[in-house]
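Here is the structure we will look at.
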Amino acid sequence: GREAERNHLWGALKRVVTNQKVECVLIEGTSGSGTSTLAQWLATRAHEVGGVQCRTVSHSSMRGEADGMSALLSWSLPIQGLDRADAIEQTHQHLSANGMDDFEDAIGLVQLARPNERVDEGQGLVADFSNETERIALLSRYFIAQADHRALILWLDNLHLASEGMALAEHLLKIDVD
């Protein structure tokens, strides 16, 4: 069935691990054709065999709380159940352990994880993104830092439904990671 596709995906992952360079693979097909199953196979197999991390960003036309970058960040950052100040402090510690020492990055990521949260602006706990490029650059730094010690599969499911995900993929491909 999917042997050729699996071999192609596994080969791409081997190149990423060997060359330590960002690579993008598009898995496309009609609804129900098994594209998500194929991506899930790669994520599971890569984790089992090679200790690769996988982060999934799901997108749907209904755009709910479980969709998009904010849902992934809410899940992957240590912020559940914390007020904003504590969430930023915990995120800063998490980022520092991964080579991202800028406190402003912690503020920005918490804001991206909780975009609808009300915040008193006088506390200095609000990121002021002037455009999408700044948000995408921060997300790129975050994912690159996450991949510094272990390869990372960033699965952007139903990417055609999210311009932010497409912009992130394009930005990551342009970066020359040392």
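Taken over the stretch 1-155, the percentage of Cα pairs per 10 Å bin, counting from 0 up to the bin with the maximum distance, is 9, 35, 33, 18, 5, 0.
Once every DSSP H run of n ≥ 4 in the chain is given -39500 (n - 2.57) and the sum is divided by its residues, what mean residue ellipticity at 222 nm do you get, rounded to the nearest 500 deg cm²/dmol?
-16500 deg cm²/dmol
For the stretch 41-93, just say rounded, prolate or oblate: build the C-alpha gyration tensor, square-root its eigenvalues into a ≥ b ≥ c, call rounded for a/c under 1.5, and beyond that prolate if a/b exceeds b/c, oblate if not. Oblate, since a/c reaches 1.5 and b/c is not below a/b.
How would the stretch 19-63 be classified by its alpha-carbon gyration tensor: rounded, prolate or oblate, with rounded meaning a/c under 1.5 and the a/b versus b/c comparison settling the rest? Prolate is the answer for the stretch 19-63, as a/c is 1.5 or above and a/b outweighs b/c. Would you work out which of Val119, Gly51, Ser96 lies farthest towards the positive end of the dipole of the stretch 3-123? Charges go on Cβ: Lys and Arg +1, Asp and Glu -1. Of Val119, Gly51, Ser96, it is Gly51. Along the axis of the charge dipole computed for the chain (Cβ charges of +1 for Lys and Arg, -1 for Asp and Glu, origin at the Cα centre), the listed residues Gly64, Ala85, Thr37 are led at the positive end by Thr37.
Rg to Rh ratio, the stretch 1-92, alpha-carbon atoms and Kirkwood radius?
Values: Rg = 16.5 Å, Rh = 15.7 Å.
When Rh is taken as the Kirkwood radius, the ratio is 1.05.
Where the only charges are on Cβ atoms (+1 Lys, Arg; -1 Asp, Glu), what is the dipole of the chain about its Cα centre, to the nearest 20 debye?
840 debye
The mean accessible area for residues of the chain, using a 1.4 Å probe and ignoring ligands and nucleic acids, is 60 Å² per residue. For the stretch 1-40, a/c is not less than 1.5, where a ≥ b ≥ c are the root eigenvalues of the C-alpha gyration tensor, and a/b tops b/c. That puts it in the prolate class. What would the Debye equation give as log₁₀ I(q)/I(0) for the stretch 78-148 at q = 0.12, 0.17, 0.26, 0.28 Å⁻¹, counting only Cα atoms as equal point scatterers? The Cα Debye sum returns log10 ratios of -0.29, -0.58, -1.30, -1.43. Against the main long axis of the alpha-carbon atoms of the chain, helix 163-174 sits at an angle near 70°.
The values are calculated or read from the model by the stated rules, or taken from the named source; none is laboratory data. As the structure is a computational prediction, the values presented were derived from the model and not from experiment. Cβ atoms come from the backbone with ideal geometry, glycine included; neighbour counts cover every protein chain shown. Note: areas computed on protein heavy atoms with side chains; ligands, DNA, RNA excluded. Shrake-Rupley method; radii C 1.70, N 1.55, O 1.52, S 1.80 Å.
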